[in-house]
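Encoded as structure tokens, the structure appears first; notes follow it.
The values are calculated or read from the model by the stated rules, or taken from the named source; none is laboratory data. Keep in mind it's a predicted model, so treat the numbers as computed, not measured. Don't worry about glycine lacking a Cβ; one is built from the backbone with ideal geometry, like all the others, and counts go over all protein chains shown. Just the protein is used for accessible areas: all its heavy atoms, side chains included, with ligands, DNA and RNA removed. Shrake-Rupley method; radii C 1.70, N 1.55, O 1.52, S 1.80 Å.
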Amino acid sequence: MNPSVITHFSPLPLQAGPEAPRGTPRLLSIVVPAFNEAGALAGTLDMIARHAAALAPRYEIVVVDDGSRDDTARIAADSARRLPVTLVRFSRNFGKEAAISAGLQHASGDIVVCMDADGQHSADLLGRMLDLWRTGWDMVYAVRDDRAAQGLFNRLGARLFYRMMNAGGRLDIPPNAGDFRLMDRRVVNALLALPERQRFMKGMYAWVGFRSVGIPYTPLPRAAGQTTFNRLNLAKLAWTGLTSFSVLPLRMASMTGLLLSSLAFAYGLYVVLEKALFGVDVPGWPTVVVSIMFFSGVQLLFIGVLGEYLARVYEEVKGRPPYIVAEVVRSEVRAEVGSDAGSAH
């Protein structure tokens, strides 16, 4: 089933899910990857705690500090004294994909929600996501409904990326769907079972399957600071996704090589016939030099594409872990509906 997007929320019929409607989860886990988010983290955790305490008998917040250089880890540790927060601190910066994977690994809930630490993911959507999970959906993801604020480069780049990712037909990655999503424990276990080191979570979400549905959302303004995920990082992530879940670049290289070879053969045949039938001399050196330079550049480009795929194999064969945990700080607070920890925020 292709992922769908609900534009207007209403209770779904029973047949929307694979089984009878689910009840309230025993434990709700919220994974919050953070990198240099000291200015926004405390407010984000308080916002999440307010909503989570009203949705489940127990909840936990797993903050993954991705090698921050500010006070992100300290703020998370301080929050663990008053909220059910688990801090997972990396030894260095390993990237958001690794941070999400670590958060899923340390989350224990029946359902797990991934949210950003900058406050742009509104906790108001948690209730709607939970309602859809109860009707039988295994994964509920938020779809950004407006990219106008991102600029022309990001909009065109995102459109091109999703078209290329879905061109092969092996995966159906919904455009504009990010990491803000609710996942059933079965989905989380399936993601954790995937062994690859170079992790591209959007592709992995689509690869594991399960019944998925999208809901539109508009990101809130950042609570503090500026994003550190620039255009270069976006381009790197997009290329990682393409080379991890699509062979389209290799197929494009093959088709381009076939096209150029056919044109070169046709041109060579034309030159031979022209000489044999009309006695016309072969054109001069400029044509030869330009042709050699052009085909040499194309060959080097395609060798580079092959090298990128070979590099992926090289990284996987080494078997290094995708991240290293330097410290885990667990809270002794057990937040329940109506408890002091949950109702104080």
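Any chance you could run the full-extension gain for Ser91 through Gln105? It's 0.36 nm times the residue separation minus the Cα-Cα distance, nm to one decimal.
Value of the extension gain: 3.4 nm.
Counting only protein heavy atoms, what percent of the accessible surface of region 31-76 is carbon or sulfur at a 1.4 Å probe?
Reported share for carbon and sulfur atoms: 49 percent.
Would you grab the residues whose amide H sits under 5 Å from the one on Ser68? Only those 5+ places off in sequence or on another chain, please, with H modelled 1.01 Å from N.
Asn36
Going by average Cβ density within 10 Å per residue, which order do the peptides 97-106, 112-121 take, highest to lowest?
Highest mean packing first, the order is 112-121, 97-106.
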